[in-house]
Amino acid sequence: KIFDPLGFCSPICVRSKLLIAELWEETGNSDKHWDIPVSQKSKDTWSQLSKDLSRLSTLGFERQACNSDIPIDLFIFSDASQSAYGYVVYSLQNGDSNLGFAKVRSAPLKQKRTLPQLELLASKLSLEGLLNLLSCFANVKNVYLGVDAQIVLAWLTSPISTKNVYTANRIKDTIKFMADVKKDYNID
């Protein structure tokens, strides 16, 4: 197992999850899925992934703790693709920026979601993470959320109704997280 509580190895870890999902789709729900040969594409993916996993021990990050006496700004960027979604947090203090945290999840396999829905899930996940970060840092001055999907921005900033119940519930959850951040931490 990889001990990575801050998510710095997320780009590699998500690729392993996606490989497992790909293998599952290749074999289907067959009772003899252990006996089905793996495709060349999956073999190539595993070969590259194993090289990257072996190089993880050489990966290093300069970790600098934030000064609790100086205000800190958090920049959170969320994004999604058809196969995964997630976010990354950067901190800015005294002109120095640092990678602070990253989180990634693979897209649901059984119930395929549209790209706007996955972008919305990434935004919701980033706001959940923001609430945890704000409970850890008492000196956060500003929070900047970056979302590149205009439809998600429209869903979260205007009273647009959607007929899709799943999407409507995720919009409500995300708006609630934004309201909680504003109310509990006085951050707009």
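The values are calculated or read from the model by the stated rules, or taken from the named source; none is laboratory data. Here the structure is a predicted model, which is why all the values come from computation and not from measurement. For neighbour counting, all protein chains shown are included, and Cβ atoms are generated from backbone atoms with ideal geometry for every residue, glycine included. Heavy atoms of the whole protein, side chains included, go into the accessibility calculation; ligands, DNA and RNA do not. Shrake-Rupley method; radii C 1.70, N 1.55, O 1.52, S 1.80 Å.
In the range 154-173, of all residues being within 12 Å of Q117 (Cα to Cα) and not aromatic (F, W, Y), the one that is most open to solvent (accessible area, probe 1.4 Å) corresponds to V165. Do we have L6 as farther than 28 Å from K112 by Cβ and surrounded by 14 or more Cβ atoms within 10 Å (Cβ to Cβ) here? Answer is yes for this residue. Selection over the range 86-98 of residues that are open to solvent by less than 50 Å² (accessible area, probe 1.4 Å) and either under 15 Å from N139 (Cα atoms) or of a type outside the set (V, I, T) (or both) gives a count of 5. Looking only at the range 128-144, decide whether some residue is within 26 Å of I12 (Cβ to Cβ), crowded, with 19+ Cβ neighbours inside 10 Å and in contact with a Ser or Thr (Cβ under 6 Å, 6 or more places away or on another chain). Taking every residue of the range 128-144 in turn, none turns out to be within 26 Å of I12 (Cβ to Cβ), crowded, with 19+ Cβ neighbours inside 10 Å and in contact with a Ser or Thr (Cβ under 6 Å, 6 or more places away or on another chain). I want to confirm something. Restricting to the range 1-50 and keeping residues that are touching a Gly at 6+ places or on another chain (Cβ under 9 Å) and within 26 Å of F61 (Cα to Cα), which single residue is modelled with the highest pLDDT? Going through the qualifying residues, I end up with V14. Filtering K172, K176, K141, K183 for residues that are among the basic types (K, R) and either closer than 21 Å to D69 by Cα or in contact with a His (Cβ under 7 Å, 6 or more places away or on another chain) (or both) leaves a single hit, K141. Scanning the range 102-125 for residues that are more than 11 Å from V152 (Cβ to Cβ) and not hydrophobic (A, V, I, L, M, F, W, C) yields a count of 9.
When each of A138, A149, A102 is tested for being touching a helix residue (DSSP H, G or I) at 6+ places or on another chain (Cβ under 8 Å) and within 30 Å of G60 (Cα to Cα), the lone residue that passes is A102. Out of the residues in the range 9-37 meeting the condition of being assigned to a loop (DSSP other than H, G, I, E, B) and open to solvent by 100 Å² or more (accessible area, probe 1.4 Å), tell me which one is nearest to K112 (Cα to Cα). The extreme case among them is N29. Beta carbons closer than 7 Å, at least 6 apart along the sequence or on distinct chains, pair a first residue in the range 44-56 that is under 18 Å from F3 (Cβ atoms) with a second that is assigned to a helix (DSSP H, G or I) and among the hydrophobic types (A, V, I, L, M, F, W, C) for D52/I12; L53/I12; L56/I12.
If only residues of the range 38-66 that are touching a strand residue (DSSP E or B) at 6+ places or on another chain (Cβ under 9 Å) and open to solvent by 70 Å² or more (accessible area, probe 1.4 Å) are counted, the one that is farthest from E22 (Cα to Cα) is Q64.
Could you please let me know if K110 is closer than 22 Å to C13 by Cα, in contact (Cβ under 8 Å) with a residue 60 or more places away in the chain and of a type in the set (D, E, K, R)? Here the answer is no, as K110 does not meet what is asked.
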